[in-house]
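Since the structure comes first, as structure tokens, the remarks are kept for the end.
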Amino acid sequence: MTVSLGMPQTPRTLPEPLAPRRPTRQLRVGKVGVGSGSPVSVQSMTTTPTADVNATLQQIAQLTAAGCDIVRVACPSQDDADALPQIARKAQIPVVADIHFQPRYVFAAIEAGCAAVRVNPGNIKKFDDRIKDIARAAKEHGTPIRIGVNAGSLDRRLLAKHGRATPEALVESALWEASLFAEHEFHDLKISVKHNDPLVMVRAYELLAERCDYPLHLGVTEAGPAFQGIVKSAVAFGALLRQGIGDTIRVSLSAPPAEEVKAGTQILQALGLRPRKLDIVSCPSCGRAQVDVYKLAAEVSAGLEGLQAPLRVAVMGCVVNGPGEAREADLGVASGNGKGQIFVRGEVVKTVPESKIVETLIEEALRLAETTTEAGEPEVVTVGT
């Protein structure tokens, strides 16, 4: 008698690992909704001189292709401010102007049609004295303001009071600025309280979430090179999003900005906050492996880069966990003895030599992608052998 070890007939149900989103005010940053009524969005920042319009628009296009929802551009000079109207008009995604030091560039960004303006109150000259005028201009143009408090540029008065950039100091700074805007009946605010230490950053956002209903932008500032920065950001974002805290995110890396977008997207997918796309499941390898798992996983990942279908592909190197993981995936291989068993949705469809594993997986993935709905459910197809 043959016993089928295929996929279970009942649909898999995912656990509900996250708390409900923290209720917030609702904003529109261009075409992107921000707040608890909208999905958590991924942001990044251009690294080109903003005054170089063509280079900046080209990088924005690259970020858009990588999945970026909102992009920030620096505006440290008048030449940069002069470039904002063209960039804001031609960019495919909402553009946020990032303003430091000179308050006049806040007004320039609003007039330029930027989707939002980020201000750093800790280093803008006499910022509090200009809030009435900023609130009036932003209200007239329907431009949201992000109050971006950073540990590295905290107001000196708060540093003197608290001794260092503590969670309480960051929150006090943010809420003080928000209260000044509120005095002028302006509430289209988003707030961030960034720190390079994930534990300090998490506590700051927890305190802030308790004390206001503004949408929050999450970020570990100066997180470091790619590997370190992704780890720090994933730890911090996971801790906060698990509690329903956070409405937009940026993974700040010393790396090309598209890498920030990829990392942020993966974090949201891992938490179930963004529809799953391609997910490569591969074993870490060990003494039981009879194939080069590192090479297989890398080549499959490279061959399927950019695939948008919600497929889970398992690349496994031994007979201990390999068959089970491959069977549970949409597509998988269990490798051993120089061969690979190819699984398609729980069933072995063919066995191929090791030299053909990557080619076969890519072919099958592309075929499955054509027959998979956006929700991840397969259409009825006949699997060839």
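Within the accessible area of the chain, the carbon and sulfur atoms contribute 53%, probe 1.4 Å, all protein chains present.
Full extension of the chain between residue 295 and residue 351 yields a length gain of 18.3 nm, computed as 0.36 nm times the residue separation minus the alpha carbon distance. Packing order of peptides 297-305, 262-270, 112-120, highest average first: 112-120, 262-270, 297-305 (average count of other Cβ atoms within 10 Å over each peptide's residues). Seen against the Cα atoms of the chain and their longest principal axis, helix 167-183 is set at about 60 degrees.
Stokes-Einstein, applied to the Kirkwood radius of segment 178-257 over Cα pairs at a viscosity of 0.692 mPa s and 37 °C, places its translational diffusion at 250 µm² s⁻¹.
The simple spin-label model puts a point 7 Å past each Cα toward its Cβ; for residue 187 and residue 82 those points are separated by 4.1 nm. Taking 16 Å as the straight-line reach from the Cα of residue 262, the aspartates and glutamates in range (excluding those fewer than 8 positions away in the same chain) are 69, 279, 305. Cross-link reach is defined here as a Cα-Cα straight distance under 15 Å, omitting same-chain residues fewer than 8 places apart; for residue 139 the aspartates and glutamates meeting it are 111, 183, 185, 188. Shape summary of the chain, radius of gyration then Dmax from alpha carbon positions: 24.1, 83 Å. Antiparallel beta bridges, as assigned by DSSP with both residues in the chain, represent about 30 percent of the total such bridges.
Reported value for segment 41-93: 63 Å³ per residue, from the convex hull of its C-alpha atoms. Per-residue ellipticity at 222 nm, computed for the chain from helices alone with -39500 (n - 2.57) per DSSP H run of at least four residues, works out to -12500 deg cm²/dmol.
Here is the size of segment 278-372 from its Cα atoms: Rg then Dmax, 11.7, 37 Å. Using just the Cα positions, wrap segment 93-163 in a convex hull and report its mean projected area in square nanometres, one decimal place. Dividing the Cα hull surface by four gives the mean projection, 5.0 nm². Protein heavy-atom accessible surface, 1.4 Å probe, per residue over segment 56-187: 43 Å². Which pairs in the list 31/161; 232/356; 277/339 are over 32 Å apart, alpha-carbon to alpha-carbon? Cα-Cα > 32 Å for 31/161; 232/356; rest within. Principal-axis analysis of the Cα atoms of the chain puts helix 198-211 at an angle of about 60° to the longest axis.
Against the longest principal axis of the chain, how steep is helix 357-370, in degrees 0 to 90 to the nearest 10, with axes from Cα atoms? That works out to roughly 60 degrees. Solvent-accessible surface of segment 235-318, averaged per residue with a 1.4 angstrom probe and all protein chains in place: 41 square angstrom.
The values are calculated or read from the model by the stated rules, or taken from the named source; none is laboratory data. Remember, it's a predicted structure, so these values are computed and weren't measured experimentally. Cβ: placed from backbone, ideal geometry, glycine included. Neighbour counts: every protein chain shown. Side chains included, ligands, DNA and RNA excluded: accessible areas come from the protein's heavy atoms. Shrake-Rupley method; radii C 1.70, N 1.55, O 1.52, S 1.80 Å.
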